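Read-outs throughout are calculated quantities, based only on the coordinates presented, and are distinct from any laboratory measurement. Keep in mind that what you see is a predicted model, and the values were worked out from it rather than measured. Here Cβ is always computed from backbone atoms with ideal geometry, including for glycine, and neighbour counts include all displayed protein chains.
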């Protein structure tokens, strides 16, 4: 029986996916109130952040509930660079994803039905033809350089 248990555990281990928490610095690029209550108090807001310590251009926009909204509006302003706590986990669709769960001192409880929040991960460089810059090209798949500094962007 003991051997069977260890065999089952050995077969199961490759399917265990780890959760991790990361802390990093983010910059607040935009704060926009999206909904008010009947007394005109802010209820829901969007926050746009960027990751100044990560290579390339990483931008994320997410929504927060009333408590998160109140905390952000009372404590932070545009261009503040503050700590963010990121939860990196395996989702039910078969890849890793991350959520900002704390921004500064403000706890964000993600609504599972939230379809408004999104992230844009890209690294752009000049596009040169015959030695002349004719535009730019962006890569949307995280590079090794980005993942070495900001590992929560890894999807697999």
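Calculated FRET efficiency, residue 134 and residue 156, Cβ-Cβ r, R0 35 Å, to nearest 0.05?
Efficiency for this residue pair is about 0.60.
Report the extension gain between residue 91 and residue 107 in nm, rounded to one decimal, defined as 0.36 nm multiplied by the number of residues separating them, less their alpha carbon distance.
3.7 nm
If I take every Cα pair under 8 Å that is 6 or more residues apart in the chain, average their sequence separation and divide by the length, what percent do I get for the relative contact order?
Worked out over the chain, it gives 22 percent.
Please compute, over every Cα-Cα pair in the range 58-121, the percentage with a separation greater than 16 angstrom.
For the range 58-121, the fraction of Cα-Cα distances above 16 Å is 50 percent.
With N set to the number of residues, divide the alpha-carbon radius of gyration of the range 112-156 by 2.2 N^0.38 Å and report two decimals.
So the range 112-156 has a normalised radius of gyration of 1.59.
How big is the Rg/Rh ratio for the chain, C-alpha atoms only, Rh by Kirkwood, two decimals?
1.10
Determine the calculated [θ] at 222 nm for the chain from helices alone, applying -39500 (n - 2.57) to every DSSP H run no shorter than 4 residues and normalising by the residue count; nearest 500 deg cm²/dmol.
-5000 deg cm²/dmol
Determine, for 120, 43, the number of other Cβ atoms within 10 Å of each Cβ, and report the residues in order from fewest to most.
Listing 120, 43 from fewest to most nearby Cβ atoms yields 120, 43.
Residue separation times 0.36 nm, minus the C-alpha to C-alpha distance between residue 25 and residue 43: what's the value?
Between residue 25 and residue 43, full extension yields 3.9 nm more.
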